[in-house]
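A.B. asks: Below are the structure tokens for one structure; questions will follow.
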Amino acid sequence: MPATSRILLALSLTLPLSACSGQISTSDRIEQLKDPDVSLRLQAVHALGKSSTDPQQAVPALIAALKDSDAFVRRDAAKALGKYGTAAKPAAPVLLAALGDPQHSVREAAADALRVIDPSQAPRGKTR
């Protein structure tokens, strides 16, 4: 057997089961939030926003994503936090800060999330 074939065989036998099944772990998604590729960061935010993800792992990562350089990542992180409801209450201070984001869509998503997470801190009426 050629050396290249042996290496490929060895690699295929050491792949994690999650990679074979097409599923990516929560910790891998959290790491993906640090990727320079914005589309991968967006995928990670969307995956972390699913209700099947443990809020104790996802919420801190999504809070960090609220400070991303890309407005779409920030907006979608706020939306994802809103899906966790009161379990995302630690995000309230960062969401309040996001109400001052330069992008309207981020401000709007932050306000919507606050209305679900902590209505007492949510702005009344439309965001500007």
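The values are calculated or read from the model by the stated rules, or taken from the named source; none is laboratory data. Just so it is clear, the model here is predicted, and its values are computed rather than measured. All Cβ positions, glycine included, derive from the backbone under ideal geometry; neighbour counts span all protein chains shown. Each accessible area value is taken on the protein alone, full model and side chains, heavy atoms only, with ligands, DNA and RNA left out. Shrake-Rupley method; radii C 1.70, N 1.55, O 1.52, S 1.80 Å.
A.B. asks: What single numbered condition from (1) touching a residue at least 24 places away in the same chain (Cβ under 8 Å); (2) surrounded by fewer than 16 Cβ atoms within 10 Å (Cβ to Cβ) fails to hold for residue 45?
C.D. replies: The single condition residue 45 does not satisfy is (2).
A.B. asks: Now, a different point. Please work out which residue is farthest from residue 79 (Cα to Cα), limiting yourself to region 27-42 and to residues that are open to solvent by 40 Å² or more (accessible area, probe 1.4 Å) and polar (S, T, N, Q).
C.D. replies: 27
A.B. asks: Sticking with this structure for a sec: Quick one: which helices (runs of 4 or more DSSP H) sit completely within region 1-105 and have at least 2 residues that are modelled with pLDDT of 95 or more and aliphatic (A, V, I, L, M)? Even if it seems obvious, please write down each step before you answer.
C.D. replies: On the way: elements: 3-14, 17-21, 26-32, 38-48, 55-65, 71-83, 92-98.
Per the criteria, 38-48, 55-65, 71-83, 92-98.
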